[in-house]
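Working notes for the structure below.
The values are calculated or read from the model by the stated rules, or taken from the named source; none is laboratory data. All values reported here derive from a predicted model rather than from experimental measurement. Heads up, the Cβs are rebuilt from the backbone with ideal geometry, glycines too, and the neighbour counts pull from every protein chain shown.
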Amino acid sequence: MTARFLEGSRQSEQAGSFEPIDERVKVTRAVPDDIQYAHHSSAGSRVESSEGVAWQLVWTAPPDPSSGTVIFHVAANAGNGDDSEFGDRIYVGASTVSANIE
C-alpha cells in the first residue's frame, strides 16, 4: 500500500507516513522518490486462521491539511495455498481521502 498526494504541487509525493503495529507488517522507503510502501513481512504471510489473514498499521496524515487529496493504492494476492501458479488471484484498488479545510 502507498499513500500519495493526488493533485497539486506535491502530486505523486509521499502523503503522511505509515508505521507498523507489529512484526506482520513492514514499511519500505523507495529511493530516490522517497515513497513508503507498506507490505507484509515473512511473519505476515503465514495464515494463522481459517478466517484468512489481516494486517494493521497506523497512517499519520500529512501535517498540513491544505496539501489536498490523498490517494491510497493497494494490491493484494489471494492464494489458495497449493504452491502452484493456478487458482491465485491478484486484486488492486484505490481510495481517496480529501482534506477537510474549514
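General observations
- Residue count for the stretch 23-66, restricted to those that are touching a Phe, Trp or Tyr at 6+ places or on another chain (Cβ under 9 Å), under 24 Å from S98 (Cβ atoms) and either of a type in the set (S, T, Y) or without any contact (Cβ under 8 Å) to a residue 12 or more places away in the chain (or both): 2.
- Qualifying residue in the stretch 82-100 (condition: within 11 Å of T2 (Cα to Cα), assigned to a loop (DSSP other than H, G, I, E, B) and at pLDDT 95 or above): no
- Looking across the stretch 50-102, just one residue is more than 21 Å from the chain's Cα centre (by Cα) and aromatic (F, W, Y), and that is F86.
- Matching residues, the stretch 38-76, being farther than 13 Å from M1 by Cβ and assigned to a strand (DSSP E or B): T60
- Test: residue in the stretch 67-74 that is free of Cβ contacts under 8 Å to residues at least 60 places away in the same chain and polar (S, T, N, Q): no
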